[in-house]
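To start, the structure itself, in structure tokens.
The values are calculated or read from the model by the stated rules, or taken from the named source; none is laboratory data. Because the structure is predicted, anything quoted here is derived from the model rather than measured. No Cβ is skipped: glycine too gets one built from the backbone with ideal geometry, and neighbour counts run over all protein chains shown.
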Ligand code: AMP
């Protein structure tokens, strides 16, 4: 099973991706987590990405694609994957398609879109800033990331909807209710004959 999780920061993608990946035995690929790890390890890619992450801007596509390619070719990705936080702009959608073709992998089965009101996102991100001490959870950077989502990532909702891959989930529910909603959507993909 190959799934993309689409949604703004604070929508719950990371939490849900970890649960679903574990339950389905597929590889969880969070580009944000991987970039933060590379920054911590002071790798070449991590150092190049640092200033973008701290400003709340998108890291250049070439760096992110390099990371995604590495992850998609891992053994853990053979049964399937969840891409959490990628693609994040139209160019990355095209690059992912090309990458999967080049790797001889099928394209994704489904895009889960997490729908959460902005006011709830800001509240959640402020709480996370205190809990996780992330450098990119300051009020100014949070605003910038919401703006980037609206400008660069939100157009992907229409695009994937036109490709009939989009399933929208109400992300403003309890963690357990969101997990159930996602699993219901995914069970229909696994059993397409079920009405
Ligand atoms: P996240 O943990 O998904 O909120 O990502 C944290 C930061 O990593 C983002 O604000 C971006 O700077 C960077 N990032 C993560 N995924 C991508 C991506 N697909 N394209 C560009 N930058 C990304």
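Test residue 74 against the stated conditions and say whether it is touching a residue at least 12 places away in the same chain (Cβ under 8 Å), surrounded by fewer than 16 Cβ atoms within 10 Å (Cβ to Cβ) and touching a strand residue (DSSP E or B) at 6+ places or on another chain (Cβ under 9 Å). Yes. Return yes or no: is residue 106 within 11 Å of the ligand (Cβ to nearest atom) and in contact with a helix residue (DSSP H, G or I) (Cβ under 8 Å, 6 or more places away or on another chain)? The answer is no for residue 106.
Taken together, 148, 157 contain a single residue that is more than 17 Å from residue 12 (Cβ to Cβ) and either in contact with a strand residue (DSSP E or B) (Cβ under 9 Å, 6 or more places away or on another chain) or touching a residue at least 12 places away in the same chain (Cβ under 8 Å) (or both), which is 148. Among the criteria (1) away from the ligand (no atom under 11 Å from the Cβ); (2) surrounded by fewer than 19 Cβ atoms within 10 Å (Cβ to Cβ); (3) at pLDDT below 95, the one residue 99 does not fulfil is (3).
Within the set 91, 17, the sole residue that is within 11 Å of the chain's Cα centre (by Cα) and more than 9 Å from the ligand (Cβ to nearest atom) turns out to be 17. From the list 56, 25, the one residue that fits, being within 26 Å of residue 98 (Cα to Cα) and either surrounded by fewer than 20 Cβ atoms within 10 Å (Cβ to Cβ) or within 16 Å of the chain's Cα centre (by Cα) (or both), is 25.
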